[in-house]
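**Student:** I have a structure here, written as structure tokens, and I will follow up with some questions on it.
The values are calculated or read from the model by the stated rules, or taken from the named source; none is laboratory data. Computed from a predicted structure; not experimentally measured. Heads up, the Cβs are rebuilt from the backbone with ideal geometry, glycines too, and the neighbour counts pull from every protein chain shown. Note: areas computed on protein heavy atoms with side chains; ligands, DNA, RNA excluded. Shrake-Rupley method; radii C 1.70, N 1.55, O 1.52, S 1.80 Å.
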Amino acid sequence: MRDPDVPRLPTSPGFWRSPLRGPWFTSVLGLVLLAGITVLFVTGLVSYAAYNPDLSPVNDKTPDKGILGFYLFAWPTDPHWLYRLTQGVHVTLGITLIPVLLAKLWSVVPRLFALPPARSLAHALERISLLLLVGGALFEFVTGVLNVQLDYVFPGSFYPLHFYGAWVFFTAFVVHAVLKAPAAVRNVRRMREEGGGVGGDVRGGDDGGEGGDPGDSLVSPRPGPPTVSRRGALWLVGGGSLLLFGTSAGRSFDGPLRETALLTPHGGPDPGSGPNGFQINKTARYAGITAAATSEDAWRLVLTGRTGTVRLSRADLLRLPAHSSSLPIACVEGWSTSDQWWRGVRLRDLAALVGHDGDPPDLFVESLQRRGAFRRAALRANQVADPRSLLALSVNGEDLSPDHGYPARIIVPAAPGVLNTKWVARMTFGDL
Ligand SMILES: Nc1nc2c(c(=O)[nH]1)N[C@H]1C(S)=C(S)[C@@H](COP(=O)(O)O)O[C@H]1N2
Ligand SMILES: [Mo]
């Protein structure tokens, strides 16, 4: 039965009756998000930089980034697990924060409906920034999760959307944090001193520059009976986060731990076991790579550089000095493998074959693959020069499997997986 005293419209403060809502609950969640979203923003910008977008239009996932690319820097090759760490943190933390974000939005939902829409210019500006904040947060989390789970299901590429969205969202986030963080800290402190907080019955509290208007307060003017304590609600949110963390963090590891990643990676192909038994992104079949095209007779690597063009069969490559490096694959989707033992020819040795001795230049790599955004990539000179950077022919002591890029693939330390081109057909050294 509906209580006839309870207003019907969400614009009326009395409509929202949960006794959980209040400055303390909102402040705790807000402070968690302040820390978490800052890390998401930094690791996100870093991820974009790792593509070396200023190197070549081929790598540039957001061609019209303009001044938003001001911070780009040459992506290093050390430590070799760098991208594995930054992107693992980005995706795992993003997934883990989902319950916190939802709880935070729930805790302030009466405010989103509050009337009048604006009491003053300052209030109007604050509410507009709030729209950008809520919209931006939902947009960033939804696009991120969809990309990790389903690959690219957007109208338009994921990269520009997520990148521009991040800047809009983070700008609103900074405005919001500057306005609210001091009050949030005060609230949490005061509640602790007064013994309120988790268990206490909180009515007062600082609304952070709302002018003390009771109609705008987070506390319901006619609270209903509690269905869960404030402590219970925090456990629920924290438990939800823990559950998401526990079912996604394993994607950054091998063996039984990966099996715990129930939510991710997105049901990719089963890599099987053995030397090539580690996570596969796109299969040879998906990429349209046929056995005929990669056969000993058909396949040639075409190297071009200062002194012209050289064509090498796989047997020719096997006669060149072979080197090993232990390197992971680390995908933008957040999953990674532990170090695999790759063996092949150094990129800088291949550069030397076409006239770039000593100081190798940038490199443009093209795959046999005909379609798809990841069939080509540009590598920076520092990546080519690194002695661990290989055109790999084998992994863990066995020839590359078709799905891992047979006859030959790129592997570069610290780089995002997308730069580790599979089924390489052409390598062009020199100014890009
Ligand atoms: N030709 C080609 N190379 C490619 C890709 C691709 O789609 N086509 N995917 C890239 C991406 S996004 C990743 S994460 C790695 C994955 O390598 P793996 O499937 O061997 O684990 O390959 C990279 N190399
Ligand atoms: Mo990837």
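**Student:** Around Ser252, with a cut-off of 14 angstrom between Cβ atoms, what is the net charge of the other residues, counting Lys and Arg +1 and Asp and Glu -1?
**Tutor:** Net charge in that neighbourhood comes out at -1.
**Student:** Using the eigenvalues of the Cα gyration tensor, what equivalent ellipsoid semi-axes result for region 1-156 when each is taken as the square root of five times the eigenvalue, whole Å, largest first?
**Tutor:** Output for region 1-156: semi-axes of 39, 18, 15 Å.
**Student:** Could I ask something else about it? If one takes the longest principal axis of the Cα atoms in the chain, at what angle in degrees, from 0 to 90 and to the nearest 10, does the Cα axis of helix 230-246 lie?
**Tutor:** The angle comes out at about 10 degrees.
**Student:** Calculate how steeply helix 98-113 sits against the longest principal axis of the alpha-carbon atoms of the chain, using the helix alpha-carbon long axis, and give the answer as 0 to 90 degrees to the nearest 10.
**Tutor:** Helix 98-113 sits at roughly 40 degrees to that axis.
**Student:** Using a 1.4 angstrom probe on the protein heavy atoms only, could you order Trp299, Trp106, Trp167 from most to least accessible area?
**Tutor:** Sorted by accessible area, descending: Trp106, Trp167, Trp299.
**Student:** Inverting the mean 1/r over all pairs of different Cα atoms, compute the Kirkwood radius of region 284-429 and quote it in Å.
**Tutor:** 15.0 Å
**Student:** Taking only Cα atoms of the chain, what ratio of Rg to Rh do you get with Rh as the Kirkwood inverse-distance radius?
**Tutor:** Ratio of gyration radius to Kirkwood radius for the chain: 1.09.
**Student:** From the P(r) of region 326-387, can you give the percent of Cα pairs sitting at distances over 13 Å?
**Tutor:** 71 percent
**Student:** Right, another one. Lysines within cross-link reach of Lys104: Cα-Cα under 16 Å, excluding same-chain residues under 8 positions apart?
**Tutor:** Lys180
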